Amino acid sequence: MTAPALSAQDLTIGYRRRSQGDVLLAQGLDLDLQCGALVGLLGPNGVGKSTLLRTLAGMQKPLAGRVLIKGQDSASLTAQMRARHLSLVLTAAPQPDLMHGYALVALGRHPHSDWLGRLSEADHRAIARAIQAVGADDIADQPLAQLSDGQRQKLMIARALAQEADVMLLDEPTAYLDLPRRVETMQLLKQLARSTARAILLSTHDLDLALRSCDQLWLMSAAGIVCGAPEDLVLAGHLGETFSADGIRFDARSGAFLLDTAPGPRVRVNGEGAAAIWMRRALARNGYALTDESSAIEVRQRANGAGQQWQIRRQDRASEHATIQAVLDALESEGA
Amino acid sequence: MSQLAGKAAHHATAERIGARKASNRRSASRASRQFTGARPMVLILLLALLGALLLLSLALGSAMIPFDQIVGVLLSGEADQPAWTNIVLKFRLPKTLTAMLAGMALGVSGLLMQTWFRNPLAEPFVLGVSSGASLGVALVVLTAGAGGGALLAGLGMAGDLLLTVAAGLGAAITMGLVLLVAARIQSSVTLLILGLMFGYLVAALVSLLLYFALPERIQAYINWTFGSFSGVTGSQLPVLAYIVLAGLLLSAALVKPLNALLLGEDYARSLGVDLRLTRIGIVLATALLVSAVTAFCGPIAFIGIAVPHLCRALLASADHRLLLPGTCLAGACVALCASIIAELPGNNLVLPLNVVTALLGAPVVMLVVLRAMRGKP
């Protein structure tokens, strides 16, 4: 295994305050970020995700310990040298007036260009590669003021790519984007981590998407940070612990947070394919306990039930229904 | 097996997309080399306009001098009548060059302030320079003892020089203080507020001095606040020119960090900008430019805030590699225009410079900015 692109040694993060003593957010962190991996930083609000990212990026000083970039102490690097190893994307994409997409991405070449910021042929190639990699060819020649949040954020990521740094840190880059754009951005980052062998660390509140896309998760809680593959962390119960709150629990089977309601009547769904999956979701949403036991009420999917796709079977009677809504209504009215 | 076939199909599509993207890429990089959307031709037009205004400024005045004689003086240093030579070289040329230098300095320092504070309302005086200069002048004019009588009687050569030194000292001390604070305080907003508060503080002191001063002395102070390009003599001009040149060169060295600062300080730092060094550079450049102009010409309003906006609208670009020469040229043009109009050609009356800059300039800028806004969402 090669030296990690970015690592933290015995890192303590927080804020110095003059009068009431320092605010410590996390202590004694030992973290490694490897090239080629997309790592998600998850944790409840206020736990210090942004502070950790800012400290790793060298934007604020650690209270103790150190940050190593390719084995070199980050504090000993100049801003320009750091910028060659580490790029940054923040939540809100700035919207400077009178600037075009290409010029924005070109700013990423700053750590490599001369004092005037003149671009060489190689710089232009790097910019074009970055624009192509994020799929922003069609918006590169447009003024930023005419672009959407998602398009501007795409260009900000392209700018970070054009910086050609091994490490890319993103602080909730998808917070202002709609769901398809978030999925698209995560897929893009995952693919970039692989194809360009970069180490990408992003903080996010999008648990579901992080579980599906990230190679590794850093779960941050007041107790510290737990690292591992998303699935391992789920099975070990760490996800539930990190986000534990009254009335909400993490369901390891579905990979989602559920409202902790009293278990309702037990229902068994008999069927397959998308229809059965969504039937189960609908039942779970309405508080029914899904089970495989044969004693429960059975909701059966009918293969040839023209128009009447669903059948509810109890010990004594059966009824037929066309839609999921109809099944729910029937279960409700019969007191299950 | 089917997976492999799928992969092959995927490759074929990818190649087609790749070819299309390659052609896009070529057009994108071509566009960038023309400063995407910017209009560098405007710089050449501004340069031509500046040349025309320069000649006009030399040609117009209370004494009628034929135009060929003006050109003759410039080329050979001699006109048919010695009086004409005298008027052009001793009065009109210094005034014209002073206006150009002041316009450049104020335009560029306005650009620095607006970019650094990311605030379109920022202007060269937000850091309190003119306040410091006005306090220096007020102290000299309003409290001058026995020796002040002669000064106020005619405001002769020595008096002018004294005012220049007082304003320069006031401005330099203020900027020194701001520089000290800027080296320690990280937040530009904090610095902006400190500068504004300092301005109020000094304005209060000046008001206090005015309150207890004799009326004719107050008039002398007010005359200074009107601003003027005509007070700089040929021997003082090089001093102004060197300081302004130093400030402009320092600003030119800052264009790259200024471009990065368009994304905000966090992004600028992540792009490798040394924020502390940049902050000191910006404050120092502004200090040089604005202190020199305020000392020699008084607190000239409007040019510093308006010229950068004018330039952005004309050049349609946020790139400081264009905006810096642009504000230089446009600043010089605007200052020359104001200077020409203030003298009311064909008349012996001279209007206060600050009246002209704002009265004529503000509507023009309103028009330009409104026109630039059109077509935007």
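Quick check on segment A:85-97. Is at least one of its residues at pLDDT 90 or above, farther than 30 Å from A:Leu52 by Cα and under 27 Å from the mean Cα position of the chain (by Cα)? First the steps, then the outcome.
So the first thing to find is which residues in segment A:85-97 are at pLDDT 90 or above, and the list is A:85-90.
Narrowing the set further to residues that are farther than 30 Å from A:Leu52 by Cα leaves none.
No, the conditions are met nowhere in segment A:85-97.
For segment A:178-257, please list each of the strands (runs of 3 or more DSSP E) lying entirely inside it that holds at least 2 residues being surrounded by 18 or more Cβ atoms within 10 Å (Cβ to Cβ) and either charged (D, E, K, R) or in contact with a helix residue (DSSP H, G or I) (Cβ under 6 Å, 6 or more places away or on another chain) (or both).
On the way: elements: A:199-203, A:216-221, A:224-228, A:248-251.
The qualifying strands (runs of 3 or more DSSP E) are A:199-203, A:216-221.
Take A:Thr174 and tell me if it is assigned to a helix (DSSP H, G or I) and within 20 Å of A:Ser50 (Cα to Cα). Give the steps one after another, and end with the answer.
Working: assigned to a helix (DSSP H, G or I): no; within 20 Å of A:Ser50 (Cα to Cα): yes.
Spelling it out, it is not the case that A:Thr174 is assigned to a helix (DSSP H, G or I) and within 20 Å of A:Ser50 (Cα to Cα).
If the requirement is being over 27 Å from A:Leu219 (Cβ atoms) and either out of contact with any Asp or Glu (no Cβ under 6 Å at 6 or more places or on another chain) or acidic (Asp, Glu) (or both), which of these qualifies: A:Asp114, A:Asp30, A:Asp22, A:Asp10? Break it down stepwise before answering.
Details: A:Asp30 fails: over 27 Å from A:Leu219 (Cβ atoms); A:Asp22 fails: over 27 Å from A:Leu219 (Cβ atoms); A:Asp10 fails: over 27 Å from A:Leu219 (Cβ atoms).
Checking each option against the conditions leaves just A:Asp114.
May I ask you to verify whether B:Phe67 is outside the structural domain of B:Arg279 (by TED's automatic domain parsing), aromatic (Phe, Trp, Tyr) and modelled with pLDDT of 85 or more? Lay out the reasoning, then the answer.
Numbers: outside the structural domain of B:Arg279 (by TED's automatic domain parsing): yes; aromatic (Phe, Trp, Tyr): yes; modelled with pLDDT of 85 or more: no.
Judged against the criteria, B:Phe67 is not a match.
Looking only at segment B:224-278, which residues are surrounded by fewer than 21 Cβ atoms within 10 Å (Cβ to Cβ), in a helix (DSSP H, G or I), within 14 Å of chain A (Cβ to nearest Cβ) and of a type outside the set (Val, Ile, Thr)?
Across segment B:224-278, the qualifying residues are B:Leu249, B:Leu250, B:Ala252, B:Glu265, B:Asp266, B:Leu275, B:Arg276, B:Leu277.
Determine whether A:Val269 is in contact with a Gly (Cβ under 7 Å, 6 or more places away or on another chain), among the β-branched types (Val, Ile, Thr), over 23 Å from A:Leu11 (Cβ atoms) and surrounded by 17 or more Cβ atoms within 10 Å (Cβ to Cβ). Reasoning before the result, please.
Details: in contact with a Gly (Cβ under 7 Å, 6 or more places away or on another chain): no; among the β-branched types (Val, Ile, Thr): yes; over 23 Å from A:Leu11 (Cβ atoms): yes; surrounded by 17 or more Cβ atoms within 10 Å (Cβ to Cβ): yes.
For A:Val269, the condition - in contact with a Gly (Cβ under 7 Å, 6 or more places away or on another chain), among the β-branched types (Val, Ile, Thr), over 23 Å from A:Leu11 (Cβ atoms) and surrounded by 17 or more Cβ atoms within 10 Å (Cβ to Cβ) - is not met.
Would you check if B:Val165 is under 29 Å from B:Gln114 (Cβ atoms) and either of a type in the set (Val, Ile, Thr) or touching a residue at least 40 places away in the same chain (Cβ under 8 Å) (or both)? Reasoning before the result, please.
Working: under 29 Å from B:Gln114 (Cβ atoms): no; either of a type in the set (Val, Ile, Thr) or touching a residue at least 40 places away in the same chain (Cβ under 8 Å) (or both): yes.
It is false that B:Val165 is under 29 Å from B:Gln114 (Cβ atoms) and either of a type in the set (Val, Ile, Thr) or touching a residue at least 40 places away in the same chain (Cβ under 8 Å) (or both).
Have a look at B:Ala19, B:Ala48 and point out the one that is modelled with pLDDT under 50 and either aliphatic (A, V, I, L, M) or out of contact with any Ser or Thr (no Cβ under 8 Å at 6 or more places or on another chain) (or both).
Numbers: B:Ala48 fails: modelled with pLDDT under 50.
Sole residue among the options that is modelled with pLDDT under 50 and either aliphatic (A, V, I, L, M) or out of contact with any Ser or Thr (no Cβ under 8 Å at 6 or more places or on another chain) (or both): B:Ala19.
Can we say B:Leu93 is under 18 Å from B:Val239 (Cβ atoms) and over 14 Å from the mean Cα position of the chain (by Cα)? Walk me through how you get there before you give the answer.
Values: under 18 Å from B:Val239 (Cβ atoms): yes; over 14 Å from the mean Cα position of the chain (by Cα): yes.
Here the answer is yes, as B:Leu93 does meet what is asked.
Yes or no: segment A:147-154 includes at least one residue that is under 18 Å from the mean Cα position of the chain (by Cα), crowded, with 24+ Cβ neighbours inside 10 Å, within 14 Å of chain B (Cβ to nearest Cβ) and under 18 Å from A:Gln216 (Cβ atoms).
Scanning segment A:147-154 turns up no residue that is under 18 Å from the mean Cα position of the chain (by Cα), crowded, with 24+ Cβ neighbours inside 10 Å, within 14 Å of chain B (Cβ to nearest Cβ) and under 18 Å from A:Gln216 (Cβ atoms).
Find the residue count for segment A:53-71, including only residues that are closer than 14 Å to A:Leu90 by Cβ and aliphatic (A, V, I, L, M).
So the count comes out to 4.
Which of the residues belonging to segment B:288-302 are assigned to a helix (DSSP H, G or I) and within 19 Å of B:Asn119 (Cβ to Cβ)? Before the answer, list the steps.
We begin by selecting, within segment B:288-302, every residue assigned to a helix (DSSP H, G or I); these are B:288-297.
Result: B:Leu289, B:Val290.
The values are calculated or read from the model by the stated rules, or taken from the named source; none is laboratory data. Since the model is a prediction, treat every value here as computed from it, not as a measurement. Counting neighbours? That spans all protein chains shown, and the Cβs are built from the backbone with ideal geometry, glycine included.
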